[in-house]
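Okay, so here's the structure we're looking at.
The values are calculated or read from the model by the stated rules, or taken from the named source; none is laboratory data. Owing to the predicted nature of the structure, the values given are computational and were not obtained by experimental measurement. Counting neighbours? That spans all protein chains shown, and the Cβs are built from the backbone with ideal geometry, glycine included.
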Amino acid sequence: MYRILSMGALSGVLLLGSGIAQAKLAGDPVAGQKIYQANCLSCHGSEVFTRADRRAKNQRDILVFVQQNCNRAVKKPLNMKDLENVATFLNNKYYKFPN
């Protein structure tokens with residue numbers, strides 16, 4: 001039984017990972033902007049997104065960065081829909097990676 005549960009858990013992780021790896025942002029940029037203004041501006045401004053050595057190289061990188069870093073800084077962690085909304089807003093406003 002333990003082996004079955006382990007394989008099921010592993011399958012779930014692989015599916016989740018593959019979904020993020022192939023992420024094309026489809027969030028709501030207007031909702032993302034509101035979330036960004038309410039939660040993110042207290043830590044940093046747009047300089048993080050406009051610097052020459054930006055870390056994000058594609059849409060997936062934006063989503064992962066927001067999920068792993070920004071979500072820890074907010075008082076109430078954001079759900080996946082909110083994270084994707086923020087990432088979509090950031091892509092549309094600053095990064096402009098193609099969909």
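The table that follows gives values for the structure above.
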quantity: The lone exception for GLN37 - which of (1) at pLDDT 90 or above; (2) assigned to a helix (DSSP H, G or I); (3) surrounded by 14 or more Cβ atoms within 10 Å (Cβ to Cβ) it fails; calculated: (3)
quantity: Conditions (1) under 13 Å from the mean Cα position of the chain (by Cα); (2) modelled with pLDDT of 90 or more; (3) loosely packed, with under 11 Cβ neighbours inside 10 Å; number of the one not met by GLN22; calculated: (2)
quantity: Whichever residue in region 49-99 is in a loop (DSSP other than H, G, I, E, B), charged (D, E, K, R) and under 14 Å from ILE35 (Cβ atoms) and, among such residues, is modelled with the lowest pLDDT; calculated: LYS75
quantity: Qualifying position, being of a type in the set (Gly, Ala, Ser) and more than 18 Å from LEU25 (Cβ to Cβ), among ALA87, ALA56, ALA73; calculated: ALA73
